[in-house]
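Chemist: Have a look at this one.
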Amino acid sequence: MALDAVFRDQWGRVLATLVGILGDIELAEEAAAEAFAIAAERWPRDGEPANPTGWLITTARNRAIDQLRRRQVLADKTKLLARDIETGPQPPEALMDDAATIPDERLELIFTCCHPALALEAQVALTLRTLGGLSTDEIALAFLVPFETMSKRLTRAKHKIRDAGIPFAVPPDHQLPDRLAAVLAVVYLIFNQGWGGGRVDLAAEAIHLGRALADLMPDEPEVLALLALMLLHDARKAARLRDGRIVPLDDQDRALWDERQIDEGRALLRRAMARRSTGPYLVQAAIADLHLHQPRDWRQIAVLYQTLARQTRSSIVEMNRAVAVAEIDGPEAGLAILDRLDLDHYRYFHSTRAELLRRAGRDGEAHDAYRRALDLAQTEPEQRFLQERLAETTPSVPRGPDRTTT
Amino acid sequence: MQYALLAYASAEESDRATRPIPGALAAQLDRPHVTGWARLHADESATTLHNEEGQMLLTDGPFIDSKEYLAGLFLIEADNLDGALAIAGEMLQETRPGTAIEVRPIIDGRFRGA
């Protein structure tokens, strides 16, 4: 494996263990960064150590001890450190044997980062930084905020965790469902952020996080279902754009779909279903799976959207149900559902509505709705697609062949 | 009579935790009429609990709504923020609707009682 890949892979694991030892994310992060820098210098020269994780943790731990000594404070932070400060740092080799049994504390870390006492945007940024190993620069770029803003957001969150005593722990059983839902929401939010733009590959980051969670919580159906959902969506990535334009699902070149990823997603979906769960991610993953079949089973899709709408009370889910209903009972039936929704701020509401209006032969209204969608569109491929549709529904231009969209 | 003195600091002074209490102030805190005191972390460390029709809502940050006034003060001890939030939540259940409790960690303090 290339060094970069090793680092990416190890960062969350190493950092989590250090936070467990040091009790402070900021200190752990500085120490980990130093250890990775030393590794980047030494490994190419001396070869990769037998246990890279252990080497990195031990080295980082030693750096943290140095750091604490330099500051001459916080010496009693943990017993372990207090002892080490007296005896001095260990050479990385000395702790090699321990390395195999170093507990994986990434779950503790992710529950800390996604604690509800932190603002959602801070949870997202912190999760990408600590578990994903993204730099502050990369995160700022991904969310289109200035570096300073993102840096402040991260620092503030880390200080709050430290000062307010946000626990570094997996929540007890009675809190776990709510807290896990918060973690999954953060991962899925990162994934969805990654769909629109082409900046940092946040969808890949989210899948990476989803895989780690599925490894750490292999019996939680919603964890498996979320990973399945992301894989099934992401499998169509290559087919989703053509000539810089969004391609509706029915027009996509299926040869471009990632079959291996679809298989993996489906296998995860089956595992989640075997646990008799009907959580919202399972329902969404099942819908994503149905969308990959040709022809699509719109009745079943509509039923699942209804289940999901009951669970989530989300207007966006209702909007998606309207699309399925339009396929079964015609565009006017779908439009009747859309008319009950209050989603004027949501760009896909207008493009969805425009599509159904177009199919219902109400071109004038469709044109206005495409115009509104275009005003709200955030990415160029979306804009190009909508401009095309806008032109097609301009009264003086003859209509193109009928197409469906998702 | 008993009084509560509420101290406000400039927003820039968020690093108080790393600095000691100024010597002259520390001496005043030891005087007999001071029955207790607590030095709080900056409001960036705050979490606010709202009781919205029986449901407890958490927000990150201090309580900011000028319609309400500061009505009371509890000093509690808990293992971590989760413990403190649980205690605050139980208290909030019994308060009037529209009440909020801001949970703020204490840097250091002393309480002798009146």
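Chemist: Once you have a ≥ b ≥ c as the square roots of the Cα gyration tensor eigenvalues for the range A:112-253, tell me rounded if a/c is under 1.5, and otherwise prolate or oblate according to whether a/b is larger than b/c. It would help to have the intermediate numbers written out before the result.
Modeler: Working: a/c = 2.87, a/b = 1.35, b/c = 2.12.
It comes out oblate by the Cα gyration axes.
Chemist: No solvent, one uniform scatterer per C-alpha: report log10 I(q)/I(0) for the range A:174-327 via the Debye equation at q = 0.15, 0.21 1/Å, two decimals.
Modeler: -0.81, -1.58
Chemist: For chain A, find the longest principal axis of its Cα atoms and tell me its angle to the long axis of helix A:363-376, 0 to 90°, nearest 10.
Modeler: Rounded to the nearest ten degrees, it is 20.
Chemist: Hey, another quick one. Mind checking the full-extension length gain between A:Arg260 and A:Thr394? Use 0.36 nm per residue of separation minus the Cα-Cα distance, one decimal, nm. Walk me through the numbers on the way to the answer.
Modeler: Numbers: separation 134, 0.36 × 134 = 48.24 nm, distance 4.19 nm.
Gain on stretching A:Arg260 to A:Thr394: 44.1 nm.
Chemist: Would you mind checking the tilt of helix A:120-130 against the longest principal axis of the Cα atoms of chain A, expressed as 0 to 90 degrees and rounded to 10?
Modeler: Around 50 degrees separate the two axes.
Chemist: Something else now. Could you tell me the calculated FRET efficiency between B:Ala71 and A:Arg313, based on Cβ-Cβ distance and R0 = 22 angstrom, to the nearest 0.05? Spell out each step's value before the answer.
Modeler: Details: r = 34 Å, r/R0 = 1.54.
With a Förster radius of 22 Å, E is 0.05.
Chemist: Using 5 Å bins from zero, what percent of all Cα-Cα pairs in chain B falls into each bin?
Modeler: 2, 9, 19, 22, 19, 15, 9, 3, 1, 0
Chemist: Also, quick follow-up: Evaluate the distance, in nm, between pseudo-label points positioned 7 Å from the Cα of A:Arg8 and of A:Phe147 along their respective Cα→Cβ axes.
Modeler: For the pair A:Arg8/A:Phe147, the computed spacing is 2.2 nm.
Chemist: What ranking, highest mean first, results for peptides A:41-48, A:301-308, A:24-31 when packing means the other Cβ atoms within 10 Å averaged over each residue? Could you put the intermediate results ahead of the total?
Modeler: Numbers: A:41-48: 10.9, A:301-308: 19.8, A:24-31: 21.8.
Per-residue mean Cβ counts within 10 Å order the peptides as A:24-31, A:301-308, A:41-48.
Chemist: Here's another thing I want to ask about it. Relative to the present Cα-Cα distance, how much length would full extension add between A:Tyr346 and A:Gln378 at 0.36 nm per residue of separation? Don't jump to the answer; show the numbers that get you there.
Modeler: Numbers: separation 32, 0.36 × 32 = 11.52 nm, distance 1.12 nm.
Fully extending the segment from A:Tyr346 to A:Gln378 adds 10.4 nm.
Chemist: Also, quick follow-up: Which distance in Å, rounded to a whole number, links the C-alpha centroids of the range A:25-59 and the range A:251-269?
Modeler: So the two Cα centres are separated by 37 Å.
Chemist: Quick check: the distance between the Cα centres of the range B:77-114 and the range A:292-317, to the nearest angstrom?
Modeler: Cα centroid of the range B:77-114 versus Cα centroid of the range A:292-317: 43 Å apart.
Chemist: Another one. For a bin width of 5 Å, list the pair-distance distribution of the range A:237-298 built from all Cα-Cα distances, rounded to whole %.
Modeler: 4, 16, 23, 22, 18, 10, 5, 2, 0
Chemist: Hey, got a sec? Which trypsin sites (Lys or Arg not before Pro) in the range B:6-114 land in a DSSP loop and have at most 13 other Cβ atoms within 10 Å? Write out the running numbers ahead of the final one.
Modeler: Values: sites: B:Arg16, B:Arg39, B:Lys67, B:Arg110, B:Arg112; in loops: B:Lys67, B:Arg112.
Sparse-neighbourhood loop trypsin sites (Lys or Arg not before Pro): B:Lys67, B:Arg112.
Chemist: Can you give the average number of partner chain beta-carbon atoms within 10 Å of each beta-carbon in peptide B:54-60, as a whole number? Present the calculation step by step, with values, prior to reporting the outcome.
Modeler: Values: counts 0, 0, 0, 1, 4, 3, 13.
Going residue by residue through B:54-60 and averaging, the value is 3.
Chemist: Kindly identify the range A:102-166 as rounded, prolate or oblate by the Cα gyration tensor criterion: order the square roots of the eigenvalues as a ≥ b ≥ c, call it rounded if a/c is under 1.5, otherwise compare a/b with b/c, prolate if a/b is larger, else oblate. Write down the numbers at each step before the final one.
Modeler: On the way: a/c = 2.18, a/b = 1.39, b/c = 1.57.
Oblate shape, in that a/c is at least 1.5 and b/c is the bigger or equal ratio.
Chemist: With a bin width of 5 angstrom, please list the P(r) values of the range A:250-339 as percents of all Cα-Cα pairs, from the 0 bin to the one holding the largest distance.
Modeler: Per 5 Å bin, starting at zero, the Cα-Cα P(r) for the range A:250-339 comes out as 3, 14, 21, 21, 19, 14, 7, 2 percent.
Chemist: Return the ratio Rg/(2.2 N^0.38 Å) for chain A, where Rg is computed over Cα atoms only. Don't skip to the answer; put the middle values down first.
Modeler: Details: Rg = 24.6 Å, N = 406, 2.2 N^0.38 = 21.6 Å.
My calculation over the Cα atoms of chain A gives 1.14.
Chemist: Assuming R0 = 25 Å, what is the FRET efficiency of A:Arg275 and A:Asp251, from their Cβ-Cβ distance, to the nearest 0.05?
Modeler: Values: r = 36 Å, r/R0 = 1.44.
The computed FRET efficiency comes out at 0.10.
Chemist: Another one. Summing Lys, Arg as +1 and Asp, Glu as -1, what charge do residues with Cβ under 11 Å from the Cβ of A:Ala214 carry, A:Ala214 excluded? Show your work: numbers first, answer last.
Modeler: On the way: positive: A:Arg211, A:Arg271; negative: A:Asp215, A:Asp219, A:Glu220, A:Glu222, A:Glu264.
Counting the neighbours of A:Ala214, the net charge comes to -3.
Chemist: If you don't mind, there's one more thing I want to ask. How tilted is helix B:81-93 with respect to the longest principal axis of chain B? Cα atoms for both, answer in degrees (0 to 90, nearest 10).
Modeler: That works out to roughly 60 degrees.
Computed from the coordinates by the stated procedures, all read-outs in this text should not be read as laboratory data. Here the structure is a predicted model, which means the values were calculated and not measured. Every residue, glycine as well, gets a Cβ built from its backbone with ideal geometry; the counts of neighbours run over all protein chains shown.
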